[in-house]
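The values are calculated or read from the model by the stated rules, or taken from the named source; none is laboratory data. Computed from a prediction, not measured in an experiment: that's the story for all the values here. Don't worry about glycine lacking a Cβ; one is built from the backbone with ideal geometry, like all the others, and counts go over all protein chains shown.
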Amino acid sequence: MAIKYHENSKTFHLYNESISYIFKVLENNQLGQLYFGNKIKDRDNFDHLLEMQSRTMSVCIYENNPYFSLEHIKQEYPTYGSGDMRYPAIDISQKNGGKVLNFEFVSFKIFKGKKTLNGLPATYVENADEADSLEITLYDKLIETKLKLLYTIYNELPVITRSVNIENCGSDDIKLNRIMSLNLDLPDMDYEMLELTGAWARERHIKTRKLEQGIQSIYSMRGCSSANFNPFIALKREGCTEYKGEIIGFSLIYSGNFLAQVDVDTYDTSRVSLGINPHGFEWILKSDESFQTPEAVIVYSGKGINDMSQTFHSLYQKRLARGKYRDEVRPILVNNWEATYFDFDEEKLISFAEKSKSLGAELFVLDDGWFGNRNNSKSGLGDWHPNLEKIPSGIDGLSKKINKLGIKFGLWIEPEMVNKDSELYRNHPEWILQTPNRNLSQGRNQYVLDFSNNEVVDYIYDTLKNLLEKSEVSYIKWDMNRSMSEVYSLAHKSEDQGKIMHKYILGLYDLYERLINDFPNILFESCASGGSRFDPGMLYYAPQAWTSDNTDAIERLKIQYGSSIVYPISSMGSHVSAAPNEQMYRNTPLDTRANVAYFGTFGYELDVTNLSEDEEKIIIEQIKFMKKYRDIFQFGKFYRLSSPFSSNETSWMVVSEDKKLAIVGYYRVLQKVNQSFRRVKLLGLDPNLEYVISTYDYKVYGDELMNVGLITSDYSSGKYRGVGKIEGDYLSRLYVLKSIS
Ligand code: DGJ
């Protein structure tokens, strides 16, 4: 068992080969946090780690004891009002109007494996030996409320997962105003906070800032996790780089409003909290009702950012993503969106599919515009039946025709939305989120269906199920194109309006769950105006996500590099699009576009019927190349080598499990004149293996490639050198390294 309870000191120690997480029952029967970090030896008693100090003017729990103050004791799940002056993990409005809470330790259970969380996505185990779990029960006598803190430690990974379940065992209602999935009190503030920020078309750019006293936080109040802030932060020590130093990553498996916050007090300690955003959340819990928070994941590394990312990749790829496609290489697809937008008919689609097949693609995806009266973004959303003027054979007929061509068929949907100009809205104007007597704002001319209302979710489920049953659909792109506003559900009472945003997400998860169960052979790709809901919650249902609407190869360097901080390569939808690029108007070479897109789930987003002979030849070769190597691209170990955020040159690489095969991607934004000799040090190779490098046809040992580097200079002589000419801006190269032994 990797979880120990020391009866005498009432101490819990969760540990594996790499990490230790220690906390104890304090003298007031609440829980105190003692340590989280690199593994330390177990012992009966860690009480000396308790930070108890007599501080003038502190509020203390006991008379004649100036030491026991919650103001400076590190806590496991802190509450407000008893001397701790920082933000609490939980806030409850109680019958008598008070806010003070006292959740006291009652009991615990240690068990092998891991529980599932009802209605919520969560990491899992395939057999009980993979992880150990601890469930601690706390109880507040005054409000007769039970709080269960759930912990899991994976045996082979430096990972702790946490969530909280609360149950009202009394007869009075209580109102939850805040219930975080995780609180972690750290003993100092010597960290930099790393976050993934952005906006539409520039998602998940890496930002870091030094922690300062006060609050620093990122959040979403948009109803989706958002392109603006990803539900993830990491705290890294000064000097921590990709390859060395201490870092703790915090990730929330949730797709809605979240808050990730670090509260640094004036004694320089840091409190991390992560969970559903308390703003816009109020949950009345009646007698016998319970509430489960989303799961938070903590990853520790003493070996730098890249090592932390690799842990997230393994966990999210193998123990969060599910279904048939979890372990399968992903089909190479052609999507018609950027080629046609809304302007297509059946003939055009068939010719696209035919051409895609002849290029070697395996899946043709029909994007927005196939249904209802959908010829632009103003109408049709919600009417999930084919537009027979555009597609006389319907989706069933078209999908069958396309499958007959020897290529699979995929379909775009946006099930959570409606245009006012649609049959669905005309029949059910009450089914959208709307606050009575207030203006209702639109986003992309559309409105948000009330997924907190089961009737709406059932209707959409029946409609989609019916459509998919009749057709030969192998892939679904599930889009969501607006932030939510004027959130209010006509289906719920006024006192329940604070539940709507979370209930919406539960409705969304429910719909996903039903559809993936009914159609286990369909590959789902999530999407939200590109990458606005690229989060771990979605990965539980859809193993891949459209990373960004920005398909420009140079912009994608940052977007994919940033996304890889948490998310595995197999989750990143990445396609080659036309040049000049639709979003950036930038011309990049076709091979650079592919060299970036290979590091993801590969495909094309351009008019395949309008290619030059040369382009066609190149694309055929690209598809062959990807088919040969996608296993390592999508499932190899990923290393970031040099960052597009700090350098003109980006490089990254994937390495196969046996280290006999590696592929390095090297990208240079601008050509520099008379440049210094360039090389990039590789990682993850076997130092004793000799590798043949594709571009050079030259053999080098792994130790040399990792210590001296792979030469990337392009104007040099000699066999083991660059390609011997200046190639201009937006250059890229792929190096395939194969072990010859
Ligand atoms: C936004 C998506 O990100 C695009 O790829 C495309 O599917 C459009 N929506 C369609 O409306």
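For the range 676-690, a residue qualifies if it is assigned to a strand (DSSP E or B) and either over 34 Å from the mean Cα position of the chain (by Cα) or acidic (Asp, Glu) (or both), and exactly one does: Glu690. Contact map, the range 199-212: residues that are within 19 Å of Thr269 (Cα to Cα) paired with residues that are at pLDDT below 95, Cβ distance under 6 Å, separation 6+ or inter-chain. No pairs are found.
How many residues are closer than 24 Å to Tyr701 by Cα, among the hydrophobic types (A, V, I, L, M, F, W, C) and within 24 Å of the chain's Cα centre (by Cα) when one looks only at the range 626-663? The total comes to 9. The condition of being part of a loop (DSSP other than H, G, I, E, B) and among the hydrophobic types (A, V, I, L, M, F, W, C) holds for only one of Val456, Val487, Val448, that being Val487. The residues of the range 370-385 that are part of a strand (DSSP E or B) and either out of contact with any strand residue (DSSP E or B) (no Cβ under 9 Å at 6 or more places or on another chain) or more than 12 Å from the ligand (Cβ to nearest atom) (or both) amount to a single one, Ser379.
Restricting attention to the range 311-346, the residues that are touching a Phe, Trp or Tyr at 6+ places or on another chain (Cβ under 9 Å), farther than 30 Å from Glu242 by Cα and not hydroxyl-bearing (Ser, Thr, Tyr) total 10. So Val487 ticks every box in (1) within 18 Å of the chain's Cα centre (by Cα); (2) away from the ligand (no atom under 16 Å from the Cβ); (3) among the hydrophobic types (A, V, I, L, M, F, W, C) but one. Which box is left unticked? Of everything listed in (1) within 18 Å of the chain's Cα centre (by Cα); (2) away from the ligand (no atom under 16 Å from the Cβ); (3) among the hydrophobic types (A, V, I, L, M, F, W, C), Val487 misses just condition (1).
Per-residue answers, yes or no, for (1) farther than 19 Å from Phe524 by Cβ; (2) of a type outside the set (A, V, I, L, M); (3) assigned by TED's automatic domain parsing to the domain that holds Lys624:
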position	(1), (2), (3)
Pro331	no, yes, yes
Phe352	yes, yes, yes
Ser358	yes, yes, yes
Val365	no, no, yes
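Once the range 531-553 is narrowed to residues that are touching a Phe, Trp or Tyr at 6+ places or on another chain (Cβ under 6 Å) and over 21 Å from Leu274 (Cα atoms), the residue that is nearest to the ligand (Cβ to nearest atom) is Ala545. When the range 343-368 is filtered for residues that are surrounded by fewer than 23 Cβ atoms within 10 Å (Cβ to Cβ) and within 16 Å of the ligand (Cβ to nearest atom), the ones remaining, listed by number, are Asp343, Phe344, Leu349, Leu363, Asp367, Asp368. In the set (1) within 21 Å of Ser20 (Cβ to Cβ); (2) free of Cβ contacts under 8 Å to residues at least 60 places away in the same chain, the condition left unmet by Tyr139 is number (1). Out of the residues in the range 655-675 that are in a strand (DSSP E or B) and not β-branched (Val, Ile, Thr), state the one that is surrounded by the fewest Cβ atoms within 10 Å (Cβ to Cβ). The selected residue is Leu661. Ile40 meets the stated requirement of being over 30 Å from the mean Cα position of the chain (by Cα) and under 21 Å from Leu235 (Cα atoms).
The condition of being of a type in the set (A, V, I, L, M, F, W, C), at pLDDT 95 or above and within 18 Å of Glu354 (Cα to Cα) holds for only one of Leu388, Leu440, Leu449, Leu411, that being Leu411.
The residues in the range 566-587 that are crowded, with 24+ Cβ neighbours inside 10 Å and in a loop (DSSP other than H, G, I, E, B) can be counted, and the count is 3.
Annotation: Gly410 fulfils all but one of (1) away from the ligand (no atom under 16 Å from the Cβ); (2) within 18 Å of Asp518 (Cα to Cα); the unmet one is (1). Within the range 459-484, restricting attention to residues that are among the β-branched types (Val, Ile, Thr) and either outside any helix (DSSP H, G or I) or under 27 Å from the mean Cα position of the chain (by Cα) (or both), the residue that is farthest from Phe519 (Cα to Cα) is Ile460.
Within the span defined as the range 549-565, every residue fails to be at pLDDT 95 or above, among the charged types (D, E, K, R) and either within 22 Å of Ile460 (Cα to Cα) or within 12 Å of the chain's Cα centre (by Cα) (or both).
Could you list all residues from the range 226-249 that are outside any loop (DSSP other than H, G, I, E, B) and touching a residue at least 40 places away in the same chain (Cβ under 8 Å)? Matches in the range 226-249: Asn230, Pro231, Phe232, Ile233, Ala234, Leu235, Lys236, Arg237, Gly245, Ile247, Ile248, Gly249. Restricting the search to strands (runs of 3 or more DSSP E) fully inside the range 250-342 and requiring at least 1 residues that are away from the ligand (no atom under 16 Å from the Cβ) and aliphatic (A, V, I, L, M) gives 258-264, 270-276, 283-285, 295-301.
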